[in-house]
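Derivation of every value follows stated rules applied to the coordinates shown; laboratory data play no part. Keep in mind that what you see is a predicted model, and the values were worked out from it rather than measured. Every residue, glycine among them, receives a Cβ derived from its backbone with ideal geometry; neighbour counts consider all protein chains shown.
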Amino acid sequence: MDLWQAPFQEKLRVVSLEKLPEEERLILIQLGVDAGELLTKVQSTPLQEPVCIQIGEQIFAFRKSLCRGIGVEVVCTK
Amino acid sequence: MHEVILAGRPNSGKSTLFNRIAAANQKVGNYAGCTVEKKTAVVEWEEGDPFEVTDLPGLYSLRPNSLDEEVALRHLEEKQASSYVVFVLDGNNLEQELVLPLMLKRQGYKIGIAVNMMDEVRANRRILDLAGMKDIAGIPFFPVSAKTGEGVDTLKKFLARSAFPAQAAEQGETCETNCGCGKAADLSGEQITELNKAARQEARQLNSLNRGEKENFLLNRDKKFDRLLLHPVIGPVVFLFVMFLLFQSIFTWAAPLSDGIDGGIGLLQDLVKAHLPTGFIASLLGDGILAGLGAVLVFVPQIAILFLLIGLLEYSGYLPRVAAMVDRLLKPYGLNGKVFIPLLSSVACAVPGIMATRTIESERTRLLTIMVSPLMTCSARLPVYTLLIATFVPGVALGPFSLQGLVMFSMYLLGVIMALAVAFILHKLDFQQRKHVLDFIHLPHYRMPNWPELFRYVWRRVAMFLKKAGTIIAGMAVLLWFLLSFPADSIHRAEISQAKTAVAANANLSQADRDAQLAELDSKQASYDLEASLGGRAGHLLEPVFRPIGYDWRLTIGILGSMAAREVFVSTLGTVFALGNADEHTDSLGNLLRAQKNPDGSPQYTLATCLSLLVFFAFSLQCISTIGIARRETNSWKIPAVMFVYMFVIAYIGAFIVFHAANLFLA
């Protein structure tokens with residue numbers, strides 16, 4: 001599944017960034033979004049987009065198109 | 001002199017640390033060839049060498065995602081051989097933030113780490129093994145808190161005494177044989193990926209030395225606040241309330257201060273007229289220089305209050321949340337959430353609105369925002385709208401609403417619609433070809449603002465406005481005064497002078513009647529002077545251009561006069577119609593406009609003229625202050641020139657359509 005489809009409040013592992021253009025992928029991996037890295041989809045915003053993503057100990061707001069390009073899997077359930 | 005570069009992610013506390021290190025010695029300029037701010041300072045320490053410290057714009061990666069990051073990387077590359085880079089990291093997010101400095105260490109940079117926010121690290125009950133990390137990484141780690149000043153002196157001492165001679169001993173082997181040492185821009189995607197992987201592994205190893213609570217209490221607190229402030233219902237309610245406060249503050253708090261400045265300038269002008277003989281010098285000083293100065297100073301309260309409030313929202317961490325909330329609304333127009341505050345501010349005045357675009361990282365989005373900001377209905381248009389609507393729109397009720405009120409509201413809506421439409425068109429035309437690709441918003445911790453830093457931020461913005469834009473605005477105001485004042489009328493002067501002498505000598509008149517008649521004659525002379533001036537002659541010359549949209553030479557002079565500032569339209573019309581100070585006699589001006597007749601007896605100015613003027617004023621760029629600030633913020637005359645032309649074209653076409661449609665359907 002991709003990050004947009006992933007459930008909220010679950011620990012997620014990044015599986016792939018292949019759908020994204022290389023320039024976006026290079027910025028993301030340096031941000032901490034790389035295959036094998038963990039992140040959490042924290043919550044949505046009032047208009048459902050962007051969504052808040054926790055990477056390490058910081059929170060970023062990602063648009064739907066960006067979330068669609070990040071393949072993830074759920075690591076563990078609460 | 002050696003250079004120390006402070007680098008790090010946005011919101012890592014770099015600037016706060018810079019202010020601590022630099023104290024009062026800061027200089028603010030621009031990086032060469034662009035509008036990105038450059039902050040430097042020379043720092044002296046007791047027993048070491050003085051060094052220059054530079055506060056870089058925030059940096060996330062070796063692939064720039066904004067003009068700021070591009071400038072930061074370029075500066076790092078240019079200064080690699082001669083500088084020492086102190087990476088400022090959030091002590092609670094070490095594993096993520098260590099990656100970039102470790103990548104640069106592998107590129108041969110001389111690196112030190114300032115582990116910032118140590119007060120928050122302790123609040124999270126974490127224990128950092130900085131000595132252990134130093135041993136493994138081979139680079140020094142300095143615990144600091146830029147907020148409290150903890151550790152800053154130790155860092156300064158190191159930079160003054162040890163950073164440059166000691167770097168060879170500290171760093172050891174800094175360059176991997178397969179790292180492809182060189183400029184970041186030359187690194188291929190594969191090289192960056194490998195570098196990132198190695199640095200991330202090292203960062204993980206370093207962070208594993210640290211102990212204490214895994215939970216980040218600050219982050220948990222942020223999430224609680226966000227559940228409220230980004231709630232689907234509560235979030236927008238709080239947001240609208242905050243925006244209402246912002247808007248009201250600019251109008252309510254700034255207005256009396258601006259009026260005070262205006263009044264003060266007016267007093268000075270009266271003093272000049274009272275103490276200097278009537279003539280060129282008095283006019284230059286009173287109506288040129290002082291008026292030009294007033295045109296600049298009157299914006300200071302608005303700019304100061306706006307940036308105080310923006311600064312409060314930004315430093316508290318709420319502003320990025322605002323940007324996130326409105327982002328989706330603005331996405332289809334090629335804009336993002338960060339443009340909301342500049343556009344909202346432009347409803348008060350485009351000058352501070354354009355200045356507020358500095359918070360937008362994407363240069364393309366920033367330029368788009370600058371180009372459409374003046375389309376938002378600003379407060380300067382209100383006197384014009386009020387005059388026209390009160391004069392020509394019937395004062396009838398439409399249900400619970402008045403027609404005049406609805407027309408006024410429509411003007412605000414028209415500005416918003418046109419701004420979004422232009423942004424959409426420019427976006428589709430791929431204006432300023434997209435170089436920077438990733439739109440994301442970092443949501444920093446909620447924090448209490450650092451008040452000294454906030455006031456320093458406000459002062460810098462005000463000073464920048466006064467120094468750079470102020471000179472352009474004042475200069476253009478003086479130029480416009482000259483064009484509307486010279487040459488003076490010579491044809492009617494003798495006749496008016498004789499009439500004034502006769503009135504003054506008429507013993508049958510009461511003092512009040514005498515004063516009124518003299519004032520009327522002065523107003524007539526002012527009207528003849530305006531018509532004879534270069535600006536007035538231009539009004540006659542340009543009348544054929546504006547005739548198709550319903551304006552005669554008098555309205556054309558009003559348009560030309562309002563190029564300085566829109567609200568000047570009312571007073572210029574007052575002078576043209578020999579009404580004296582029309583700002584105090586708007587009703588009379590309205591009556592005069594309604595009373596003007598064509599030779600065949602039909603009204604010269606109609607509802608069609610009114611609607612045409614409303615649309616023209618809604619869309620055209622009649623504000624030298626806005627042109628001046630756009631020039632300052634884009635570092636060229638090209639963008640302001642494009643803005644002037646495209647807005648004039650839209651205004652003219654809009655006024656043409658409305659004038660003829662109104663004549664066809666409403667006459």
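With neighbours defined as other Cβ atoms within 10 Å of a residue's Cβ, the residues B:75, B:442 order from fewest to most as B:442, B:75. For the range B:601-608, backbone phi angles converted through the Karplus equation (6.51, -1.76, 1.60; θ = phi - 60°) give residue-by-residue couplings of x, 7, x, 6, 10, 10, 4, 4 Hz, Gly and Pro being listed as x.
May I ask you to derive the FRET efficiency for residue A:48 and residue B:249 from their Cβ-Cβ distance with R0 = 25 Å, giving the value to the nearest 0.05? After rounding to 0.05, the efficiency reads 0.20. Converting phi to 3J(HN,Hα) with the Karplus coefficients 6.51, -1.76 and 1.60 and the offset θ = phi - 60°, the range B:356-362 yields 6, 5, 4, 7, 8, 6, 5 Hz in sequence order, with x at every glycine or proline. Farthest toward the positive end of the dipole of the range B:437-596, out of B:458, B:541, B:575, is the Cα of B:458, where the dipole comes from beta carbon charges about the Cα centre. For the range B:52-126, the square roots of the Cα gyration tensor eigenvalues, ordered a ≥ b ≥ c, give a/c of at least 1.5 with a/b greater than b/c, which places it in the prolate category.
Evaluate the protein assembly as shown: find the radius of gyration of its Cα atoms, find its Kirkwood radius, and give the ratio Rg to Rh. Reported Rg/Rh (Cα atoms, Kirkwood Rh): 1.06. Helices in the protein assembly as shown, meaning DSSP H runs of at least 4 residues, each add -39500 (n - 2.57). Divided by all residues, the mean residue ellipticity at 222 nm is -17000 deg cm²/dmol. Here the Karplus curve 6.51 cos²θ - 1.76 cosθ + 1.60, taken at θ = phi - 60°, turns the phi angles of the range B:4-15 into couplings of 10, 10, 8, 10, x, 5, x, 6, 8, x, 4, 5 Hz, with x standing for Gly and Pro.
Amide H to amide H distances under 5 Å link residue B:150 with B:145, where only residues 5 or more positions off or on other chains count and H is placed in the peptide plane. Cβ crowding within 10 Å, taken as a proxy for footprinting-reagent exposure, orders B:459, B:253 from fewest neighbours to most as B:459, B:253. Here's how it looks for residue B:441: its modeled amide H is under 5 Å from those of A:61, which are all 5 or more places away or on a different chain. Using R0 = 56 Å, the C-beta based FRET efficiency linking residue B:259 and residue B:135 works out to 0.30.
Relative to the longest principal axis of the Cα atoms of chain B, the long axis of helix B:638-665 lies at roughly 40 degrees. For chain B, the fraction of alpha-carbon pairs lying more than 48 Å apart is 29 percent, rounded to a whole number.
Sorting B:626-632, B:384-390 by average packing, meaning the other beta carbons within 10 Å per residue, from highest down gives B:626-632, B:384-390. In terms of the Cα gyration tensor, with a ≥ b ≥ c the square roots of its eigenvalues, is the range B:299-383 rounded because a/c is under 1.5, prolate because a/b exceeds b/c, or oblate? The shape class here is oblate.
Counted over all Cα-Cα pairs of the range B:1-160, pairs farther apart than 24 Å make up 29 percent.
Sorted by packing (mean other beta-carbon atoms within 10 Å per residue), highest first, where do B:394-403, B:206-215, B:419-428, B:220-229 land? Let's see the in-between values first.
Working: B:394-403: 9.6, B:206-215: 13.8, B:419-428: 18.1, B:220-229: 15.6.
The packing order, highest mean first, is B:419-428, B:220-229, B:206-215, B:394-403.
Which entries in B:79/B:467; B:224/B:338; B:39/B:157; B:79/B:110 show an alpha-carbon gap greater than 18 Å? Where the Cα-Cα span goes over 18 Å, the pairs concerned are B:79/B:467; B:224/B:338; B:39/B:157.
If the viscosity is 0.890 mPa s and the temperature 25 °C, what translational diffusion coefficient in µm²/s does Stokes-Einstein give for the range B:471-627 when Rh comes from Kirkwood over Cα pairs? Result for D is 146 µm²/s. Entry note: chain A has Rg to Rh equal to 0.92, where both radii use alpha-carbon atoms and Rh is the Kirkwood radius.
Ratio of the range B:609-652's C-alpha Rg to 2.2 N^0.38 Å, to two decimals?
1.25
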